[in-house]
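Each remark here refers to the structure printed beneath this line.
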Amino acid sequence: MIETSVCVKLANGSIVTPKGFKATGVHAGIRKARKDLGAILCEVPASCAAVYTRNQFQAAPIVVTKDSIAAHGKLQAVVVNSGNANACTGEQGEQDAFEMRTLTAQQFGLEEQLVAVASTGVIGEMLPMETVRGGISQLSPTEDEQDAFGFYEAILTTDLVVKKTCYQTMIDGKCVTVAGAAKGSGMIHPNMATMLGFLTTDANIDSEVLQQALRTVTDRTFNQITVDGETSTNDMVVVMASGLAENEPLHPGHPDWDKFFQAFKSASEDLAKAIAKDGEGATKLIEVNVHGATSEDDARMAAKKIVGSSLVKTAVYGEDANWGRIIGALGHSEAPVNPRTVDISLGDIAVLKQSEPQPFSEEEAKRYLQQDTIVINVNLNIGDFSGTAWGCDLSYDYVKINASYRT
């Protein structure tokens, strides 16, 4: 258990820890051996919010999920398959996604518009619907942690590890939980990227307020990660709030709003960083903090430009303290910069001060770059705003994984 000033992180928490939620994952047969179909189910129609990929080719499941949320602003279930993206599959692909919604609603005894659909995997191949139908008929969500883990496994593609998190905080004297699960490893460069995120909470909060919170949090977390600069067709983050914690309705004017927002942001940041750390072929997580910018947007833009630079990523992989690559990326980030006032450090090792090179030990820097997490700090010294982005190094294995993705 990790405690902050406003919330507690539960090491053993899961997406079924918030009141009212169940989950499951099964092997339907879309993939050869691994679990490939999962679902989250809420006891009651839940307030909901979602953000989607900005890729102009949006996959069929996104069309269905948007249709569901538009109906009532509520969701009660989400069904997810891996192994097939159901993207760029034309009218038949949309029909298949709508059929997934219909079958899931029938399986759980729900109205169709209370079901969201998500898919991830290979683009341009039709869903094997006979297999999907059989898989949906097997879905039987429970509150058991093992079933929650089954859901985590069912949504993975090239991921090496499951990604989950859970926080609790006190609101109106009630214990409120925010939990999440995600998948993502390659084609990661949100707004959004090849990632799926699912957050559950038992907070009492209206869908419109939840949507506003999700957009703000997404800009600071999920949209601040990059693995390879590619943005996929399927990606979304969906949040469901059961309201079963029975707190007073949350909104920015609520006296405990900051507690909820911090728990929500912390859960999202955990998932975002886990995706960046699990980048295809990655050996290190890279965090870039930019300070002294003229606006928060500029700070985030500069941070993401640096962490997304292939030259920075390869230098980190090679454990080479080549700060010139950081300067190079920063210089074409479109964020305002004074070329005479920039400070850069690798962890605590200063390499640039007021844009002047600083003497440092190459051996010490190499030892630092051998760690699993590398922090690059940049101060522009022209403003009062800060921003952070996360990514990973670029290794030989990234090419191997993606050269043979379909085979």
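The values are calculated or read from the model by the stated rules, or taken from the named source; none is laboratory data. For clarity, every value in this text was computed on a predicted model and none was experimentally measured. We place every Cβ from the backbone using ideal geometry, glycine too, and count neighbours over all the protein chains shown. When the accessible area is computed, the model is the full protein with side chains, heavy atoms only, and any ligands, DNA or RNA have been set aside. Shrake-Rupley method; radii C 1.70, N 1.55, O 1.52, S 1.80 Å.
If residue 130 meets every condition in (1) more than 19 Å from residue 37 (Cβ to Cβ); (2) free of Cβ contacts under 8 Å to residues at least 60 places away in the same chain apart from one, which number is that one?
(1)
In the range 4-51, which residues are open to solvent by less than 40 Å² (accessible area, probe 1.4 Å), within 22 Å of residue 207 (Cβ to Cβ) and not in a loop (DSSP other than H, G, I, E, B)?
21, 23, 39, 40, 41, 42, 46, 47, 48, 49, 50, 51
Kindly establish whether residue 86 is touching a Pro at 6+ places or on another chain (Cβ under 8 Å), closer than 28 Å to residue 223 by Cβ, in contact (Cβ under 8 Å) with a residue 40 or more places away in the chain and part of a loop (DSSP other than H, G, I, E, B).
Against the criterion (touching a Pro at 6+ places or on another chain (Cβ under 8 Å), closer than 28 Å to residue 223 by Cβ, in contact (Cβ under 8 Å) with a residue 40 or more places away in the chain and part of a loop (DSSP other than H, G, I, E, B)), residue 86 qualifies.
If a residue must be of a type outside the set (D, E, K, R), open to solvent by 20 Å² or more (accessible area, probe 1.4 Å), within 19 Å of residue 156 (Cα to Cα) and free of Cβ contacts under 8 Å to residues at least 60 places away in the same chain, how many such residues does the range 110-125 contain?
Number satisfying all stated conditions: 1.
Out of the range 290-331, which residues are open to solvent by 30 Å² or more (accessible area, probe 1.4 Å) and part of a loop (DSSP other than H, G, I, E, B)?
Scanning the range 290-331 gives 294, 295, 318, 319, 320, 322.
Take the residues in the range 175-194 that are open to solvent by 10 Å² or more (accessible area, probe 1.4 Å) and in contact with a strand residue (DSSP E or B) (Cβ under 7 Å, 6 or more places away or on another chain); name whichever of them is modelled with the lowest pLDDT.
194
Can you find, within the range 268-283, the residue that is modelled with the highest pLDDT among those that are assigned to a loop (DSSP other than H, G, I, E, B) and either hydroxyl-bearing (Ser, Thr, Tyr) or at positive phi (or both)?
Here the residue is 283.
Looking at (1) of a type in the set (A, V, I, L, M, F, W, C); (2) in a helix (DSSP H, G or I); (3) open to solvent by less than 10 Å² (accessible area, probe 1.4 Å); (4) over 20 Å from residue 139 (Cα atoms), which is the one condition that is false for residue 69?
Looking at each condition in turn, residue 69 falls short on (3).
Only one of these conditions is not met by residue 92: (1) of a type in the set (S, T, N, Q); (2) closer than 20 Å to residue 208 by Cβ; (3) in a helix (DSSP H, G or I); (4) open to solvent by 10 Å² or more (accessible area, probe 1.4 Å). Which number is it?
(2)
Please enumerate the residues belonging to the range 312-351 that are closer than 14 Å to residue 379 by Cβ, among the polar types (S, T, N, Q) and within 28 Å of the chain's Cα centre (by Cα).
Listed by number, the list holds a single entry, 345.
For (1) of a type outside the set (A, V, I, L, M); (2) out of contact with any helix residue (DSSP H, G or I) (no Cβ under 7 Å at 6 or more places or on another chain); (3) at negative phi, each residue gets a yes or a no:
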| residue | (1), (2), (3) |
| --- | --- |
| 287 | yes, yes, yes |
| 295 | yes, yes, yes |
| 298 | yes, yes, yes |
| 309 | yes, no, yes |
| 330 | no, no, yes |
| 333 | yes, no, yes |
